[in-house]
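Nothing in this text is a laboratory measurement; each read-out follows from the coordinates by a stated rule. Everything numeric here is computed off the predicted structure, so don't read it as measured data. Because the Cβ atoms are built from the backbone with ideal geometry, glycine has one as well, and the counts that use them run over all protein chains shown.
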Amino acid sequence: MKTDPLHSSTNPVRESSATAPGETRNARGEWQPSCPAKYAPLIVWPPKPRELILWFVNWPGFVWPINAGLLVISVMTWLFLMPPLEKCSSFHWGWILQVYLVTLAWIWIVYGSFYLLMYMMRVDGTKGKYTNQWPDRPQKRFLFNNQVYDNVFWTAGVGGLMTTGYLVLGLWLFANHYIPYLSWEEHPALFCLWIVVIPFWREFHFYWIHRFIHWKPLYKRIHSLHHKNVDVNPWSGMAMHPIEQFLYLSVCAIHFVIASHPFHFLFDLQHAALGPVSGHLGFEGPVVKGKVPIGSYFHYLHHRYFECNYGESMLPLDRWFGTFRDGLPDGEGSKLNQEHRG
């Protein structure tokens, strides 16, 4: 096994010249956590009901701010920005273009805002940044010799089209009653339950799709494009091969077979299309002067080591299947392979 350059005893932790006061980094300038990556108190034994309730309602927690923020975006989109469902019963460029422009606008607002604040304005400097490198330097492995231009092309350009394609298909299917429909008026409890279930379904789907595309033949031809982003930034979130985007966004296909409302379909898809900004922020939260508690050291470890943390931190799937790494030098998963082989 290769020596871990991040946690090797021959590579002592030190303050780098770009380190904020009170932070520690190794000799390569990589940020060191004070505590390990860990799971939510959701599926644990013995049960911890008090911790579970606090995790569900506290800021930050399950509801706030990420899931609530994405839900607000979906509510606004459904009520004010989407074409009337009856208009979607046949394919016309007018409503399809509307869906595309709304999708593209949200991508630019969500991904672009965090990139503007954290990478252009650099409101936090390198405080909490997983590396002390910035992505705007020339890098030959990326399109246009530039990581940011490359990531914007895949996330906004290709990702915007792929997300629009799924949205158009779903709205057309609902409008023509080709898939099962769940109304708020008849089933309010089930309607609300769907909203709670979608983030968990997203994480479950993501883990298995992610494991699948790490199969060596698929990794080499498809997923390796995303893993060019070892040092991630917000625009890295959907910087994927089109086939990976198609598989990743297929999370919304559950609504083609299980009764739901078009709003649930929209929320599921927007959660998948916009949610990756948190996992690829490149900073440990809270960010923006300590006001916004987002960021995912859990997922950053996947980009750093490749062969770990395929899922996210709610469902302990990585722990169950032996692929969890907590990030500490001698912590859980520290003996796992450090990079993809083959």
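Computed 3J(HN,Hα) for region 184-190, one whole-Hz value per residue from the Karplus formula 6.51 cos²θ - 1.76 cosθ + 1.60 where θ = phi - 60°, is 5, 4, 8, 9, x, 5, 5, glycine and proline marked x.
When its C-alpha radius of gyration is set against 2.2 N^0.38 Å (N residues), region 83-156 gives a value of 1.55. Pairwise Cα distances in region 254-318 exceed 21 Å for 41 percent of all pairs. Here the Karplus curve 6.51 cos²θ - 1.76 cosθ + 1.60, taken at θ = phi - 60°, turns the phi angles of region 172-179 into couplings of 5, 5, 5, 4, 9, 6, 8, 10 Hz, with x standing for Gly and Pro. For Val292, the amide hydrogen comes within under 5 Å of the amide hydrogens of Val287, counting only partners 5 or more places away or on other chains and with H modelled in the peptide plane. For Lys129, the residues 5 or more places off, or on other chains, whose built amide H falls under 5 Å of its own are Glu284.
Annotation: amide H of Ser260 within the under-5 Å range of Tyr181, Leu182, sequence separation 5 or more or interchain, hydrogens built in the peptide plane. Taken over the alpha carbons of region 102-218 as equal point scatterers, the Debye sum produces base-10 log I(q)/I(0) values at 0.11, 0.17, 0.18, 0.22 Å⁻¹ of -0.64, -1.20, -1.25, -1.34. Note on the chain: Lys pairs 8 or more places apart or on different chains, Cα atoms under 25 Å apart, count 28.
Label positions at Asn337 and Arg211, each projected 7 Å from the Cα along the C-beta direction, are separated by 1.5 nm.
For region 221-231, the Karplus equation 6.51 cos²θ - 1.76 cosθ + 1.60, evaluated at θ = phi - 60°, returns couplings of 8, 10, 6, 4, 4, 5, 7, 4, 8, 6, 9 Hz by residue, with Gly and Pro reported as x.
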